[in-house]
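Take a look at the structure set out below.
The values are calculated or read from the model by the stated rules, or taken from the named source; none is laboratory data. What you see is a predicted model, and the numbers here were worked out from it, not measured in a lab. FYI the Cβ positions are ideal-geometry reconstructions off the backbone, even for glycines, and counts take in every protein chain you see. Accessible surface is based on the protein model in full, side chains and every heavy atom, while ligands, DNA and RNA are left aside. Shrake-Rupley method; radii C 1.70, N 1.55, O 1.52, S 1.80 Å.
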Amino acid sequence: MLEIRYVWEWPVRITHWINALCIVVLAVTGIYIGNPFLLAPSPDAFVMGWVRFIHYVFAYLFTVSMVARIIWLFIGNQHASWKAFVPWAFSKGRENMWGTFKYYTFIEKKVPYVVGHNALAAAAYSLVFALFLVQIVTGFALYGQYQPGSFWDVIFGPLFGLFSSPGVRLTHHVVTWLLIGFAIHHIYSAWLMDIKEKNGTLSSIFSGYKFMNPEDLK
Amino acid sequence: MQKEQYQSPVEVSEDILQKWEARGVNRRDFLKFCSTMTAALALPVSFIPRIAEALEGDNRPPVIWMEFQGCTGDTEALLRANQPTAAELILDYLSLEYNETIMAAAGHQAEKAKYDAVEKYKGKYIAIVEGSIPMADGGVYCTVAGESALDVARKVCGSAAATIAVGTCAAYGGIPAAAPNPTGAVSISRAVPGATVINLPGCPLNADNLTAVIVHYLTFGRLPATDSFGRPRFAYGKRIHDNCERRSHFDAGQYAESFGDPGHRQGWCLYKLGCKGPQTYHNCPTVRYNEGTSWPVMAGHGCIGCSEPAFWDTMSPFYRRLPQVPGFGVEATADKIGLGLAAATAVAFGAHGVASALRKGDAHETDKVKEEE
Ligand code: HEM
Ligand code: SF4
């Protein structure tokens, strides 16, 4: 019998979609900041001004969403918990990672069948979380440059002494491309698993529900 | 309170003005100088009389100016300065005990003058250092009268009241310290860790900032407040970008794309030509060079970040916004690599997708699927 399981609680879904929106907006505005490909026809335009403004508004939104998600790592259910994101730390997780790897590389035929994240995806998410934090830290460090002694400059300014200001900029820029690469992988994998697992993976991030047969989980 | 202070008349005593006139500096120029310095130091106008008095005090500080691995650009910048006779003020007013470029003495006589001054004014003189100090191989790469730069710096800066590092080389090592740094060049603060150092980076330094630091020292008896890189906040407290006259074009979205194109001719922002103004702290846009005549961005060339630590290594390529990504070819920019990476990911997953779609029997419980009529 299929069971309807409530897998992704609402804070997980909301932060997921806020993050997705923020990353799209931040990547588009960020790439424009990095390389302003459109030139304004007249000096009364405020193109870069608005683009930067939008970048910073979404930067704050993204940061708040990330903080909320990090808090939820400790109070959410087992699929939202931080434990789900470090599969390599548990023997069961290592086994699942290996299984998924074999499936992806066409070595193994049987699709991994799990309620929450598949172990390999979960490991990728911890890397992506780390990249998010890198973007937030380098982003706010760059943001603080307009005013030495400001809050952001005081807490993240020391990065410039360590990595130089162009180094911090380059990092912020390169990580953007890594996140674009991740987005491609993420959408593809979700689509693949939706088809192969047949348990409503894609719709689950909207509704929270997955359809599982407990028999198959054994 | 504020308002009252602002309106209070700024009066410099007739006595002082007459003394300067006797020295050949007319009162207008002297007052102009005092107000320029007050403004440069971001002090309220009410400080003008105080500065005028301080300059009059009978406390000519002895100065020992040393040059090591540098290009003499900072000396040049100072000598060429004639902002209300700033050179006069500084060179006449200060008692310059030693400066290789302009002193009359030479050889043993000059060296003797240097160490006599160190002895005589121990703990009271100002040491000015231009150029970096080589540490490799026992400091053999720069010697003055047979003595290594390091030894000279230790002796002179070690017993100075304060050391002013003029120019990027003295402040951070500069071009001699750029990779691969064959001479092991370092800044004066690294070479003589115990010394009280204030950094005035810039290639060259802006002579007005040096004058202002000295005026501050004479007026208040101490060096001005500095940031985490040891630079005075009054001169390095704001980014070039935040005071740049091309900033409105930056915000509007108008950028010169190549030198001499219509945008460049109309004074548009130089961001796409690699301007490092958004990451460089210096007061070039407000103080400018050569008596406020101009500065690089005004002249149509992007900032190269010459007053930032390790600028030669980190701010280059000067005509690109971002550094090269290490490990890739010369023509590779972060965007080209990123685009390549994204395209490769898309192709790889696309191929995987095609393979997965054609793959039979791997999906979950395919045998139990009920086909609709
Ligand atoms: C997923 C997250 C983010 C992405 C993809 C992203 C992307 C980018 C990109 C591509 C640039 C251009 C870099 C360059 O070429 O110089 C940029 C610039 C910048 N970003 Fe972000 N960013 C993100 C998050 C943030 C956050 C959280 C902040 C925090 C305030 C931030 C602040 C900035 C600032 C201050 C700049 C430089 C703007 C300037 O130089 O005028 N970013 N961003
Ligand atoms: S020219 Fe340089 S400093 Fe001036 S606004 Fe443009 S990027 Fe900023």
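Can we say residue B:355 is modelled with pLDDT under 90 and in the same structural domain as residue B:273 (by TED's automatic domain parsing)?
For residue B:355, the condition - modelled with pLDDT under 90 and in the same structural domain as residue B:273 (by TED's automatic domain parsing) - is met.
Can you find a residue that is out of contact with any helix residue (DSSP H, G or I) (no Cβ under 7 Å at 6 or more places or on another chain) and in contact (Cβ under 8 Å) with a residue 12 or more places away in the chain anywhere in the stretch A:76-83?
Yes - at least one qualifying residue is present in the stretch A:76-83.
If you scan the stretch B:269-295, which residues turn out to be away from ligand 1 (no atom under 16 Å from the Cβ), within 21 Å of residue A:146 (Cβ to Cβ) and free of Cβ contacts under 8 Å to residues at least 60 places away in the same chain?
Within the stretch B:269-295, B:285, B:286, B:295 qualify.
For residue B:264, are the conditions met, namely being open to solvent by 30 Å² or more (accessible area, probe 1.4 Å) and at the interface with chain A (Cβ under 10 Å from one of its Cβ atoms)?
no
Looking at this structure, is residue B:325 assigned to a loop (DSSP other than H, G, I, E, B), among the β-branched types (Val, Ile, Thr) and not assigned by TED's automatic domain parsing to the domain that holds residue B:204?
yes
For residue A:188, indicate whether it is surrounded by fewer than 20 Cβ atoms within 10 Å (Cβ to Cβ), more than 8 Å from every other protein chain (Cβ to nearest Cβ) and either outside any helix (DSSP H, G or I) or not basic (Lys, Arg) (or both).
It is false that residue A:188 is surrounded by fewer than 20 Cβ atoms within 10 Å (Cβ to Cβ), more than 8 Å from every other protein chain (Cβ to nearest Cβ) and either outside any helix (DSSP H, G or I) or not basic (Lys, Arg) (or both).
Going residue by residue through the stretch A:201-209, is there one that turns out to be modelled with pLDDT of 90 or more, open to solvent by 20 Å² or more (accessible area, probe 1.4 Å) and in contact with a strand residue (DSSP E or B) (Cβ under 6 Å, 6 or more places away or on another chain)?
Yes, some residue in the stretch A:201-209 is modelled with pLDDT of 90 or more, open to solvent by 20 Å² or more (accessible area, probe 1.4 Å) and in contact with a strand residue (DSSP E or B) (Cβ under 6 Å, 6 or more places away or on another chain).
Residues of the stretch B:316-341 being in contact with a helix residue (DSSP H, G or I) (Cβ under 6 Å, 6 or more places away or on another chain) and surrounded by 18 or more Cβ atoms within 10 Å (Cβ to Cβ), which ones?
Those that are in contact with a helix residue (DSSP H, G or I) (Cβ under 6 Å, 6 or more places away or on another chain) and surrounded by 18 or more Cβ atoms within 10 Å (Cβ to Cβ): B:322, B:323, B:334, B:338.
Being among the charged types (D, E, K, R) and within 16 Å of ligand 1 (Cβ to nearest atom) is the filter; apply it to the stretch B:227-256 and report the residue that is farthest from the chain's Cα centre (by Cα).
Once the filter is applied, the top-ranked residue is B:251.
Taking the options B:248, B:159, name whichever one is among the hydroxyl-bearing types (Ser, Thr, Tyr) and touching a residue at least 12 places away in the same chain (Cβ under 8 Å).
Checking each option against the conditions leaves just B:159.
Of the residues A:116, A:149, which is exposed (fewer than 15 other Cβ atoms within 10 Å of the Cβ) and either among the basic types (Lys, Arg) or part of a loop (DSSP other than H, G, I, E, B) (or both)?
A:149
Within the stretch B:18-41, track down each residue that is under 14 Å from residue B:211 (Cα atoms), open to solvent by 60 Å² or more (accessible area, probe 1.4 Å) and not in a helix (DSSP H, G or I).
none
Can you find even one residue in the stretch A:141-158 that is charged (D, E, K, R) and more than 16 Å from ligand 1 (Cβ to nearest atom)?
Among the residues of the stretch A:141-158, not one is charged (D, E, K, R) and more than 16 Å from ligand 1 (Cβ to nearest atom), which makes the answer no.
If I filter the stretch B:303-314 down to residues being outside any loop (DSSP other than H, G, I, E, B) and either within 15 Å of the chain's Cα centre (by Cα) or closer than 20 Å to residue B:257 by Cα (or both), which single residue comes out as farthest from ligand 2 (Cβ to nearest atom)?
Checked the stretch B:303-314; the qualifying residue farthest from ligand 2 (Cβ to nearest atom) is B:312.
Whether any residue in the stretch A:145-165 is in contact (Cβ under 8 Å) with a residue 24 or more places away in the chain and within 9 Å of chain B (Cβ to nearest Cβ) is what I want to check.
No.
Of all residues in the stretch A:1-26, which are under 25 Å from the mean Cα position of the chain (by Cα) and either surrounded by fewer than 17 Cβ atoms within 10 Å (Cβ to Cβ) or within 16 Å of residue B:250 (Cβ to Cβ) (or both)?
A:6, A:9, A:10, A:11, A:13, A:14, A:16, A:17, A:20, A:21, A:24
Please list, ordered by first then second residue, the pairs with beta carbon atoms under 7 Å, 6 or more apart or interchain, first in the stretch A:24-52 and more than 9 Å from every other protein chain (Cβ to nearest Cβ), second of a type in the set (Gly, Ala, Ser).
Every condition considered, the pairs that remain are A:26/A:59.
Collect the residues in the stretch B:191-238 that are of a type in the set (D, E, K, R), open to solvent by 10 Å² or more (accessible area, probe 1.4 Å) and either outside any loop (DSSP other than H, G, I, E, B) or within 13 Å of chain A (Cβ to nearest Cβ) (or both), keeping them in residue-number order.
Selection gives B:208, B:227, B:233, B:238.
Within the stretch A:131-144, how many residues are open to solvent by less than 50 Å² (accessible area, probe 1.4 Å) and either within 13 Å of another protein chain (Cβ to nearest Cβ) or without any contact (Cβ under 8 Å) to a residue 12 or more places away in the chain (or both)?
Number satisfying all stated conditions: 4.
Identify all residues within the stretch B:276-302 that are near ligand 2 (Cβ under 9 Å from one of its atoms), within 14 Å of chain A (Cβ to nearest Cβ) and touching a Lys or Arg at 6+ places or on another chain (Cβ under 8 Å); write none if there are none.
B:277, B:278, B:280, B:302
Has the stretch A:65-74 got any residue that is near ligand 1 (Cβ under 8 Å from one of its atoms), open to solvent by less than 70 Å² (accessible area, probe 1.4 Å) and modelled with pLDDT of 95 or more?
The answer is no, given that none of the residues of the stretch A:65-74 is near ligand 1 (Cβ under 8 Å from one of its atoms), open to solvent by less than 70 Å² (accessible area, probe 1.4 Å) and modelled with pLDDT of 95 or more.
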